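Below you'll find the structure, written out as structure tokens, and then a few comments.
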Amino acid sequence: MVGKITRAYEREVKEGDVKMASPKFGMSILFFFLCISFCSSTDQSFQQCFSSHLPPSNITYDVIFTQNSSQYSSILQSSIRNLRFSNASKPRYLVTPYNEDHIQATIICSKEHHLQVRVRSGGHDYEGLSYISDVPFIVIDLFHIRSVMVDIKNEYAWVGAGATLGELYYSISAKSNVHGFPAGSCPTVGVGGHISGGGFGTIFRKYGLAADNVIDAKMVDVNGNVLDRKSMGEDLFWAIRGGGGASFGVIFSWKLKLVRVPPTVTVFKTVKSLEQGATKLVQKWQNIAYKFHHDLFVHAVIQVTNPNSNQNPTVQVSFDCLFLGTTERLLSSIQRSFPELGVTQENCTEMSWIQSVLYFAGYSIAESADVLLNRTTQSTQSFKAKSDYVKEAIPKTGLEGLFKMVVEEETSVLILTPYGGRMKQIKSSATPFPYRSEYLYGIQYMISWDVAEETGKRIGWMRRLYKYMEPYVSTAPRAAYLNYRDLDLGRNSYPNTSYVESSEWGLKYFNHNFNRLVRVKTLADPHNFFWNEQSIPVLRLE
Ligand code: FDA
């Protein structure tokens, strides 16, 4: 009997007769399928609700997965980057929409069933907020919504929120070798979370953040309506470009402005240990990297070296450069402004922009760009990260103390990213990301480990480091980057969050833009349906 119904259903779908003789009949068959794995009446009721809110032509039976489904675990694990959260509370359902109708139905039914919604694009959230929660919840995972449509003539792309940066870069390079997009270096990061949280990478000194290059967006709001830039209005469109999409709805597509890159770019990497004068180089780097020409990006990566050999561990600093131009132009600039680095022609490699994407992602530039299409993260490590912004160069004594702490933890990594260039020209209120003209550089602190027992020790070290850095970094507020999410900064109470409580972390991420975000949130989601530990709060209007 089951086989007969299955075959009948498959036949109808195959023959394109998805209208189905009667919608009711279609839905009951769909429902029958899901009942095979949906055991409780709550599950059935959610599924029924979901089906009843879909146009009959859009009914699909592999969208919702319960904890009993054989695919549940593999889908849930597929993009978990931080293993610190792999044993956390699990969603009641995983919803894997193919289109906006599925997202609309999910929002409506989650509200009806009092289930919190977590939205996941690439799953790289540092605190796992896209797939864990302490209250009954579902995860909407957008990995099916990842088409990329590139229009080179008009220099834009529409990209599904579930696409990765790698898929975006690959698709652009497949059509043009003189176009790119200014976003992050890790190809498995999802465009949904990345762009809605800001998004910077190796060409942001020339073109700004990913969020600065969004032309339009499509999202489903709290009422299940599909909105684009025009219908959402400029306030909400402003908020989702850096304020974190999850506070406002489910973004399913971005229209992005492509940027021009030269056919030849140049990279170099120079590594110096403390014994080779790294402290002096960092001192100088702090004062010049933000003033470099906007075609030149040199970040400094601080790590421990020789941790496993007989020698005492020491700190090394790697200066990694991307230059939007040829070696000749690069050398004439870097040898004049930073001769101490000792960069010569031999250190430099010319390549195409897409090869530089491979290079910064840790691949060989001889690899085919196809590797950027690999979405699987398969991380075996837990990590904790934090961020800071620097307005005045850290003195030598401050750096020395920092390096002493770094050497205590062999898996620590600090990345110092120079600002200036285009970032200096964009107004700090243009998007919710406020840290523009006054900042020399941003810092990411990260520590990773693979043994569960080490969690307390490693996080303890990270918190001590953060405390140590306090006198050297921005204050009032102590600035932080939303995309390097850090729940140590504060978290909302559930279900009602006060403005004062959220200001603890909100001012750090958004500074003076926080109040505008609160106003937008209050209008867009007055009942705070899209709550999470660091969602924008709603003003309670007495
Ligand atoms: P994920 O799916 O976990 O989402 C992150 C947040 O956004 C969650 O709150 C989620 O609910 C919300 N969200 C996701 N999709 C949404 C949607 N469609 N609609 C509404 N809300 C949505 N950053 C950077 O600027 N430059 C860089 O070079 C890097 N590099 C990097 C490397 C690695 C290895 C990691 C783990 C992270 C980075 N990042 C980064 C940080 C990264 O930008 C940040 O973690 C992003 O939020 C990740 O977006 P995902 O979609 O992958 O995460």
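The values are calculated or read from the model by the stated rules, or taken from the named source; none is laboratory data. Note that the coordinates shown come from a computational prediction; the quantities given were computed from them, not determined experimentally. Cβ atoms come from the backbone with ideal geometry, glycine included; neighbour counts cover every protein chain shown.
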(message) For the structure I just gave you, tell me whether Pro395 is surrounded by fewer than 20 Cβ atoms within 10 Å (Cβ to Cβ), at pLDDT 95 or above and not acidic (Asp, Glu).
(response) yes
(message) Suppose we filter segment 433-445 for residues that are assigned to a strand (DSSP E or B) and either buried (at least 21 other Cβ atoms within 10 Å of the Cβ) or hydrophobic (A, V, I, L, M, F, W, C) (or both); how many remain?
(response) 4
(request) Return yes when Ala452 is of a type in the set (Gly, Ala, Ser), assigned by the TED database to the domain that holds Asp388 and at pLDDT below 95 and no when it is not. (result) yes
(message) Show the residue pairs meeting these rules: Cβ distance below 7 Å; 6+ apart or different chains; first residue within segment 271-290 and of a type in the set (Val, Ile, Thr); second residue at pLDDT 95 or above and not in a helix (DSSP H, G or I).
(response) Val271/Gln316; Val271/Ser318; Val282/Ala300; Val282/Val317; Ile288/Phe338
(request) State which residue is farthest from the chain's Cα centre (by Cα) when the search covers only segment 303-333 and only residues that are part of a strand (DSSP E or B), β-branched (Val, Ile, Thr) and surrounded by fewer than 22 Cβ atoms within 10 Å (Cβ to Cβ). (result) Thr314
(request) Exactly one condition in (1) within 14 Å of the ligand (Cβ to nearest atom); (2) touching a residue at least 12 places away in the same chain (Cβ under 8 Å) is not met by Gly362; state its number. (result) (2)
(message) Condition first: under 30 Å from Leu416 (Cα atoms), touching a helix residue (DSSP H, G or I) at 6+ places or on another chain (Cβ under 6 Å) and of a type in the set (Gly, Ala, Ser). Can you find one or more residues in segment 499-512 that meet it?
(response) yes
(request) Restricting attention to segment 136-174, report how many residues are assigned to a helix (DSSP H, G or I) and away from the ligand (no atom under 14 Å from the Cβ). (result) 5
(request) Can you give me the number of residues within segment 514-526 that are assigned to a loop (DSSP other than H, G, I, E, B) and in contact with a helix residue (DSSP H, G or I) (Cβ under 9 Å, 6 or more places away or on another chain)? (result) 1
(request) Can you tell me which residue among Ala476, Ala430 is among the aliphatic types (A, V, I, L, M), assigned to a loop (DSSP other than H, G, I, E, B) and modelled with pLDDT of 95 or more? (result) Ala430
(message) Can you report the number of residues in segment 341-359 which are in a loop (DSSP other than H, G, I, E, B) and in contact (Cβ under 8 Å) with a residue 60 or more places away in the chain?
(response) 4
(message) So for segment 492-502 (the condition being of a type in the set (A, V, I, L, M), under 24 Å from Ser133 (Cβ atoms) and in contact (Cβ under 8 Å) with a residue 60 or more places away in the chain), does at least one residue qualify?
(response) no
(message) Which of the numbered conditions does Thr188 fail, given that it passes all the others? Conditions: (1) of a type in the set (S, T, N, Q); (2) under 22 Å from Asp486 (Cα atoms); (3) more than 16 Å from the chain's Cα centre (by Cα).
(response) (3)
